[in-house]
Structure formats: C-alpha cells, structure tokens
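A quick write-up on the structure given underneath.
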Amino acid sequence: MLDVTFDATIFGLQRMGGISTYAWELLHRLAGATDIRLTIELPRTLIATRTEAVLALRAVHRRSTLPTAAARYLPARAPADGVFHSAYYRVPVSPRARRVVTVYDFVYEKYRNGLPRLIHATQKRRAVERADAVLCISTNTAVDLRQAYPATDPAKIFVTPLAVDHATFFPPPERRAELADCVVFVGQRGGYKRFDLAVAAVAATALRLAVVGGAPDEAERALLDRALPGRWLALGRIDDAALRTVYASAYAFIYPSDYEGFGLPILEAQACGCPAVVARRSSFPEVGGSAARYVDEQRADAYAAELLALADSDMRAGVVVAGVANAQCFDWDRTFAATLAAYRATGA
C-alpha cells in the first residue's frame, strides 16, 4: 500500500484552469486506486468549481488553518513516510517524505518582474532542489528546467504530459450556426498571450472573433471595436459542455501565445473537431503534432494566411480529422500511469 499526500493548494487559488484540471485528473484516479491511501491537503477556503467532487473523493481531507495567501508559501504537513506531491511548489515539513513536485512552465522567470517573480522563482527553485522527483508537463518545460537549474539530476526529471478528457471534449452533433464564421480565442489575454495578434489576424480577414473567458476590459474593448467593429463577441466564462459546442461550431481556434508550459486548449479544440492555428514555438509542436496549422513568425498577416487557407474544404476536413486523431494520443490514464511510475522511482 502506497501512502500519497497530494497538496491541492491550487483549489484555493484558481476557480478553474489548467493546473486545477491537472490536479483533479490525478486526484480522482489516486482516490480510485485500491493500492493507494490518499490524503488531500486542502486550503482553508476552496474556490474551485470542482470543490464538491473533491470533497466526495475517497481520501483523508485535511484543511489548512491559515489563509491560502500565506499557506501557499509555507511547508505542508505530510506523513513521515510515503509520497508528498505538490502541485504548487510546496515542500513537506517531514524530511523523510518522498518529495514530488510538478513544474508547469517558466512564465514568471520569462515575463514577470519585481517581487512576484522573486518570490515565485525562489519557491520553485527550493521545491525542485529538495525534490526526489520532478514532473514536467512537456518536454519543452523539461528543457527549460535543465537550463534554469543545470545542477538538477536528470534521473529525477520525468515528463508527464497533460491530456484531454475525451468524455468531455469530442465532436458533438450539435452546432451553433451563428459561430460558423468565428475564430475562437480562449483564456487569459494579457501580455505574452498575444491577444493583440489574434485581433489583428482576424481583422485581416472577413471572419469574426469569439472571445471565451473573462469580460474584455476597457482597453480590450477599445481594441476590438477599432479593429473589428461589429465583428466580435464575448462569450464569457462558460462550462466545458458549452465550450465543446463552441469549438465544434467555430471556423477555427487561434493560439498565438509566445510561450506556454503545454497548451491544453490546443488539444481541447482538436478533440472537438476545431482546426487549431498556433505559433510554432514553445511546447506547441509537441502538443499539436502534425495536425495543427503552424505560424513561424509572430505576425498578424502570417496568422491571417493560415486562417484563410482553411477555407479550402478538403484541406480543412483533413486538418479536422488529423486533429481529432492527435488529441486521442493524449490520455489522462497515461499521465496517471507515468505519475505513479515517478512515485515508485523515488523508492516510496
């Protein structure tokens, strides 16, 4: 019997998102394994959309007594023996626990400045240096990690790619006809996400832009109204079922980000039969495979050219079929199996 303590601090920091999805996909599989005793370290206040599902898992649930804003930076309680897996760069109090940490990306190191960068980078470095196993969500992140921490023993680095929930993201029979000429942008829009490129690219075509996520702020609305007058719509924060329909209905999905640790929306779009137009950089080629339409330079006209090429129905059909097949290569059961192998490699 393997004792595993999973640090789920993320459920007090993020309502929904890639890290929350990752934590949930591992947790419900850990809870369902008959040879694992699971303890979940939870924040004092849970804000995640999956809160009820997490609390219903077969596990020991331990709540922090401290506010999450403080607890996220402090060592976590954990049994003296067994595995302690942090999904958010915490270390266990006990020096005997086998320490596993997941590293997602190096966004803070590349794009942030000042105190937030210093605090995050210091905590991450400490977690990696003390870890018995370091899980990287892509080969690209593993490369970044080796560059950032060259003294890290390669034997303790494991690539455990993210995946897509095929019961949630698939080509559905229903379509929203009003989205057939829309290019979809999903998620956060600041800085390196290059929302500006998405707007400019769509503006160079006759297509419309559909924005999924938080409401555009004043500056974003001004940009949209100037570049795409009457040709954009904000769909807001939507659940996975609605997002599946949006992907399946849209003309294309655009992902012009300068950098990501993985790029989960690429897989979600492909799994729903939506052609993905993405940057040929960072982790994206290993995620999108040969099925995505890649842009070699971060220029609006380059993205516009790829979007316009999808008007060829035969080419588009081939991209859709290849995308669905590529998404099938990423499965959470495989991610879970690779994670368990990393646990075992620590000697636990």
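The numbers here are math on the coordinates, done by the rules we state, and not lab data. Everything quoted here is computed from the prediction, not taken from an experiment. Please note: Cβ atoms are built from the backbone with ideal geometry, for glycine as well, and neighbour counts cover all protein chains shown.
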*asked:* I'd like the orientation of helix 139-148 relative to the chain: the angle between its Cα long axis and the longest Cα principal axis, in ° from 0 to 90, rounded to 10.
replied: 60 degrees
*Pick out which of Gly190, Gly273, Gly288 has the largest mean-square fluctuation in a Gaussian network model of the chain, springs linking Cα atoms closer than 10 Å.*
Gly190
_Rg over Rh [alpha-carbon atoms, Kirkwood Rh] for segment 177-328_ = 0.92
*Can you give me the Cα centroid spacing of segment 202-264 and segment 71-116 in angstrom?*
33 Å
*Evaluate 2.2 N^0.38 Å with N set to the residue count of segment 279-348, then give the Cα radius of gyration divided by it.*
1.55
*Can you tell me the FRET efficiency between Glu286 and Leu66 if r is taken as the Cβ-Cβ distance and R0 is 35 Å, rounded to the nearest 0.05?*
0.35
_14 Å beta-carbon shell around Asp333, net charge (K/R +1, D/E -1)_ = -1
_List the residues, sorted by chain then number, that are 5 or more residues from Ser138 or on another chain and whose placed amide H is less than 5 Å from its amide H._
Thr160
*asked:* How much of the DSSP bridge set in the chain is antiparallel, in percent, rounded to the nearest 5?
replied: 0 percent
*With only Lys, Arg, Asp and Glu charged, each at its Cβ (+1 for the first two, -1 for the last two), find how big the charge dipole of the chain is about the Cα centre; round to the nearest 20 debye.*
1240 debye
*Quick one: among Thr21, Thr65, Thr102, which has the greatest mean-square fluctuation in a GNM of the chain with alpha-carbon springs under 10 angstrom?*
Thr65
*Only loop residues by DSSP count here, and only those with at most 16 other Cβ atoms within 10 Å; note down the GluC sites (Glu not before Pro) in segment 273-331 that meet that.*
Glu297
*May I ask for the distance between the Cα centers of segment 283-318 and segment 152-166, given as a whole number of Å?*
27 Å
*Select from Val246, Val93, Val320 the residue whose mean-square fluctuation is largest in a Gaussian network model of the chain (Cα-Cα springs shorter than 10 Å).*
Val93
*Jot down the per residue volume, in cubic angstrom and as a whole number, of the convex hull over the alpha-carbon atoms of the chain.*
136 Å³
*Given +1 on the Cβ of Lys and Arg, -1 on the Cβ of Asp and Glu, and no further charges, what dipole in debye does segment 76-194 carry about its Cα centre, rounded to the nearest 20?*
560 debye
_Output the 0 to 90 degree angle, nearest 10, between the alpha-carbon long axis of helix 18-32 and the longest principal axis computed from the alpha carbons of the chain._
50 degrees
*Förster radius 30 Å - calculated FRET efficiency between His166 and Asp35 (Cβ-Cβ, nearest 0.05)*: 0.75
*asked:* On C-alpha positions alone, give me the angle between the axis of helix 300-309 and the longest principal axis of the chain, in degrees, nearest 10.
replied: 70 degrees
